[in-house]
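Below you'll find the structure, written out as structure tokens, and then a few comments.
The values are calculated or read from the model by the stated rules, or taken from the named source; none is laboratory data. No experiment lies behind these values; they were computed from the predicted model shown. Ideal geometry is used to build each Cβ from the backbone, glycine not excepted, and the neighbour counts take in all protein chains shown.
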């Protein structure tokens with residue numbers, strides 16, 4: 001049987017039994033206090049230089065600061081001289097990995113009030129503010145005092161460090177108070193700093209509240225800044241929820257803003273899901289569809305996806321606008337991957353659009369493989385398209401390598417095709433590029449119809465651009481039908497360009513027949529420009545006397 005406890009003299013429980021109860025109570029209290037302390041205080045910081053048997057790769061480790069420690073102030077946090085000593089020790093680590101690990105431990109053990117001092121110490125170090133942990137420190141600072149953090153960021157001399165800091169400040173501030181952050185940014189003086197801050201704020205805002213960010217951007221004062229911010233917000237919105245972003249754009253009032261929104265959205269959506277974006281493009285009204293198509297084409301080319309861009313443009317109505325965009329695509333695609341661009345071209349239906357697109361490819365094709373391009377020209381069903389395309393290819397080829405172009409033309413199997421290619425393509429374009437070289441080649445041809453035609457082609461093209469130069473060349477021709485024939489285009493173009501040079505050509509040739517045939521016209525033009533020189537030439541020319549008298553009388557013509 002259990003005995004009744006003995007009573008003390010004062011009537012309470014015995015002291016023997018009271019002591020165990022007190023001990024139990026103290027133990028329970030100690031447990032509670034221990035749990036509270038363990039909850040609030042961080043564990044002791046591990047050693048700054050742990051063993052690294054693998055030899056620590058030289059790449060930035062993905063470390064992050066524990067944000068839950070920012071509000072505590074335990075005695076084992078680094079502060080004062082300890083902070084400076086630990087930082088010096090961390091920066092002395094031999095490898096990037098160890099250095100970043102050590103810095104991460106310091107950042108975990110720094111009080112919020114000491115963050116500015118830690119950043120100042122880092123800025124003065126030989127490594128500067130290059131550590132990726134700097135952005136986390138700046139974010140923690142901005143979350144508590146964004147204006148002070150911003151003032152510090154503006155004081156940085158390094159453009160890259162200043163840009164990174166402003167981005168971190170904008171994102172941290174916007175995560176807590178997007179409207180306040182935006183109001184602060186808009187109150188800054190216009191310039192690059194304000195725009196960088198606005199971009200980082202709008203990016204964070206869109207990530208957490210896209211509808212609120214779009215409404216804010218849309219309410220900004222009209223202007224280029226508003227357009228850029230709104231475009232960035234809508235682009236980011238489209239990356240997360242393209243359907244909702246598209247619905248917002250279509251609900252906007254008609255006008256330039258809505259067109260720009262559709263352009264930005266089309267590109268962003270195409271990057272995420274090109275097929276759905278193309279399907280959406282096909283449903284748009286024409287005015288919006290055109291802007292969206294341009295935005296989609298630009299984005300897809302930037303992403304190096306010309307095949308997808310071709311699919312998108314195929315969804316457009318077959319009109320001049322589609323041809324215009326396809327021509328742009330063809331030029332860009334040919335520079336990236338000519339064989340694929342040519343394969344796409346060959347699959348297009350015949351018509352005026354294909355002709356325009358073909359011309360867009362011609363320069364790159366001629367630079368890369370002119371013979372293959374000319375072989376393709378022979379397969380074209382339209383003689384006009386084939387001729388125009390051949391001319392474009394030969395023009396570029398002659399500018400790059402005239403000898404190779406001449407070799408191609410002179411080795412064509414059909415004599416008629418050979419003459420046409422040499423005279424109407426090679427000589428024509430060569431005279432544009434280097435008339436002196438073209439003239440020398442024409443003279444080197446065997447005498448006959450081919451040589452005559454080649455010479456006349458050079459004379460025509462040369463005299464149109466530089467009649468005095470052509471006149472000097474033709475002046476050395478022997479008398480005969482070819483010389484007299486060559487004079488005609490020079491007189492036609494040259495009399496207006498430089499009548500003195502044409503008169504000199506007639507004197508050099510020394511043909512009374514040519515002077516009597518053309519001299520009066522040359523003299524009339526010359527008299528209107530330089531009467532004394534013209535009168536002197538008229539008096540010494542072989543023009544008939546009655547013509548001279550008529551020209552030399554006051555006001556005579």
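Name the residues in the stretch 89-100 that are in a helix (DSSP H, G or I) and within 38 Å of the chain's Cα centre (by Cα), would you?
Result: 96, 97, 99, 100.
Which of the residues spanning the stretch 396-414 are surrounded by fewer than 15 Cβ atoms within 10 Å (Cβ to Cβ) and not in a helix (DSSP H, G or I)?
401, 411, 413, 414
Got at least one residue in the stretch 86-93 being under 24 Å from residue 171 (Cα atoms) and surrounded by 19 or more Cβ atoms within 10 Å (Cβ to Cβ)?
no
Given the structure, is residue 122 over 32 Å from the mean Cα position of the chain (by Cα), buried (at least 17 other Cβ atoms within 10 Å of the Cβ) and either modelled with pLDDT of 90 or more or closer than 21 Å to residue 170 by Cβ (or both)?
yes
Any idea which of 554, 532 is assigned to a loop (DSSP other than H, G, I, E, B), farther than 21 Å from residue 458 by Cβ and assigned by TED's automatic domain parsing to the domain that holds residue 462?
554
Of all the helices (runs of 4 or more DSSP H) wholly in the stretch 104-213, which have at least 1 residues that are in contact with a strand residue (DSSP E or B) (Cβ under 7 Å, 6 or more places away or on another chain)?
115-124
Which numbered condition in (1) farther than 27 Å from residue 145 by Cα; (2) in a helix (DSSP H, G or I) is the only one that residue 222 fails?
Condition (2) is where residue 222 drops out.
Can you tell me which of (1) within 22 Å of the chain's Cα centre (by Cα); (2) closer than 24 Å to residue 176 by Cα; (3) outside the structural domain of residue 173 (by TED's automatic domain parsing) is the one residue 196 doesn't meet?
Failed condition: (3).
What is the one condition in (1) at pLDDT below 95; (2) crowded, with 21+ Cβ neighbours inside 10 Å that residue 273 does not satisfy?
The one condition residue 273 does not meet is (2).
Could you list, in sequence order, the residues of the stretch 131-161 that are free of Cβ contacts under 8 Å to residues at least 12 places away in the same chain and either crowded, with 20+ Cβ neighbours inside 10 Å or more than 15 Å from residue 113 (Cα to Cα) (or both)?
151, 155, 157, 159, 160, listed by residue number.
Taking the stated definitions as given, is residue 501 surrounded by 19 or more Cβ atoms within 10 Å (Cβ to Cβ) and in contact (Cβ under 8 Å) with a residue 12 or more places away in the chain?
Spelling it out, residue 501 is indeed surrounded by 19 or more Cβ atoms within 10 Å (Cβ to Cβ) and in contact (Cβ under 8 Å) with a residue 12 or more places away in the chain.
Applying the selection to the stretch 497-509, what residues are part of a helix (DSSP H, G or I) and closer than 20 Å to residue 543 by Cα?
Answer for the stretch 497-509, where residues must be part of a helix (DSSP H, G or I) and closer than 20 Å to residue 543 by Cα: 499, 500, 501, 502, 503, 504, 505, 506, 507, 508, 509.
Given the stretch 415-488, what helices (runs of 4 or more DSSP H) lie entirely inside it while holding 2 or more residues that are without any contact (Cβ under 8 Å) to a residue 60 or more places away in the chain and over 45 Å from the mean Cα position of the chain (by Cα)?
415-419, 435-444, 449-474
So which residues in the stretch 125-138 are modelled with pLDDT of 85 or more and either within 13 Å of residue 161 (Cβ to Cβ) or outside the structural domain of residue 97 (by TED's automatic domain parsing) (or both), if there are any at all?
134, 135, 137, 138
Scan the stretch 278-298 and give yes if some residue there is closer than 30 Å to residue 169 by Cα, modelled with pLDDT of 90 or more and in a helix (DSSP H, G or I), otherwise no.
For the stretch 278-298, residues closer than 30 Å to residue 169 by Cα, modelled with pLDDT of 90 or more and in a helix (DSSP H, G or I): absent.
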